[in-house]
Amino acid sequence: MLFAETALIAYVTDSLLGEFHFIRHPVILMGDYIQWFEKYFYKDGIFRGALLSLSLITVTLLIISLITYIIHSLLPPDSYLLPILYGIIASTTIASKMLYDSVKDIITHPHHIKYLVSRDTECLSRSEINKAAIETYAENLSDGVIAPLFWLLLLGLPGAFVYKAVNTLDSMVGYRTPRYEKFGKVSARLDDWLNYIPARLTALLILLLSPKFYRSPTRYPPLSTLIRQASHHDSPNAGYPITAMAWALDIRIGGPTRYFGKVKKKAYFGLKREEITTEDIRHALAFRNRVDRMVLGGLAVLSFIS
């Protein structure tokens, strides 16, 4: 069973309305829980980190079960309002509009890049800022849009919200630092597993929806080259959409990056042009409309035939 109708309504709701600022966002609530657990139960070890992951996933599933129980107790099972309500709730797991608006803002307010990335931003050149914005857009097109939509389509509300719980865990404790190397290991591994297929789907979408593909598909390197480049990323998944975006825009991104005062050697992705302009950001953002058309069209067809 596919939850295509719910996914369609969720995607449309997020595209039109974005975040609901009159409520505390579920991801923020998840972050509050993670901070609370870490404050009182942190211990440098894999087991304690596994308890954090398991407890947040359990709490998330309990809350979603309670919400669905209340909705079903108020509405008949064949009510047309059910998929609408579920879609509106599920839209909080998708961040298409917020991602687009945040990256677009960098064009006119480059210093806002500090809100989007974890790297040191004080001494970045304009080209490096533009590069960071494009990398962020490509990676989060998978994490914030395609992945939650994928799990929503397959497993409904529980799938989408469990994914967001795991993704939030990874973003807060899934780091290879002395504090989180063991504590965040389970969170990081869960995030890797849940993003495995969505990351590769996102890369495929980027390649297929690039105007460059239709003008001259032979300008893309063999798929093995793209996969080899993507595999050089520290993350087993993030390298795929980033590599696809670099090739689609004819640019070179990645490379040495400064974190917490230290330069970290990172692989390069794409071609040779390293001078990244604001026009490159606009070209990256142009994928939003193409992705929207494909996703909405696909979900509409699935809703019709299911």
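Nothing in this text is a laboratory measurement; each read-out follows from the coordinates by a stated rule. Everything numeric in this text was worked out from a predicted model, so none of it was measured. Don't worry about glycine lacking a Cβ; one is built from the backbone with ideal geometry, like all the others, and counts go over all protein chains shown.
Residues of the stretch 93-106 include at least one that is closer than 21 Å to L17 by Cβ, surrounded by fewer than 15 Cβ atoms within 10 Å (Cβ to Cβ) and out of contact with any Asp or Glu (no Cβ under 6 Å at 6 or more places or on another chain). Of everything in the stretch 155-201 that is farther than 12 Å from T93 by Cα and basic (K, R), the residue that is surrounded by the fewest Cβ atoms within 10 Å (Cβ to Cβ) is R176. D170 fulfils the conditions (1) touching a residue at least 24 places away in the same chain (Cβ under 8 Å); (2) under 30 Å from R48 (Cα atoms); (3) among the acidic types (D, E) except for a single criterion, (1). Looking at the structure I just gave you, is S53 surrounded by 15 or more Cβ atoms within 10 Å (Cβ to Cβ) and within 30 Å of N289 (Cβ to Cβ)? When the stated conditions are applied, S53 does not pass them. Within the stretch 98-119, does at least one residue satisfy the condition of being within 30 Å of S306 (Cβ to Cβ), small (G, A, S), assigned to a helix (DSSP H, G or I) and without any contact (Cβ under 8 Å) to a residue 40 or more places away in the chain? Checked against the condition, which is being within 30 Å of S306 (Cβ to Cβ), small (G, A, S), assigned to a helix (DSSP H, G or I) and without any contact (Cβ under 8 Å) to a residue 40 or more places away in the chain, the stretch 98-119 yields no hits at all.
The strands (runs of 3 or more DSSP E) found wholly in the stretch 230-306 and carrying at least 1 residues that are in contact (Cβ under 8 Å) with a residue 12 or more places away in the chain and out of contact with any Gly (no Cβ under 6 Å at 6 or more places or on another chain) occupy 252-254, 257-259, 268-270. Among the residues of the stretch 64-75, is there at least one that is out of contact with any Lys or Arg (no Cβ under 6 Å at 6 or more places or on another chain) and not in a helix (DSSP H, G or I)? Checking the stretch 64-75: at least one residue is out of contact with any Lys or Arg (no Cβ under 6 Å at 6 or more places or on another chain) and not in a helix (DSSP H, G or I).
Within the span defined as the stretch 134-142, one or more residues are without any contact (Cβ under 8 Å) to a residue 60 or more places away in the chain, among the β-branched types (V, I, T) and assigned to a helix (DSSP H, G or I).
Quick check, is R48 among the basic types (K, R), surrounded by fewer than 18 Cβ atoms within 10 Å (Cβ to Cβ) and in a helix (DSSP H, G or I)? Taking the combined requirement at face value, the residue satisfies it.
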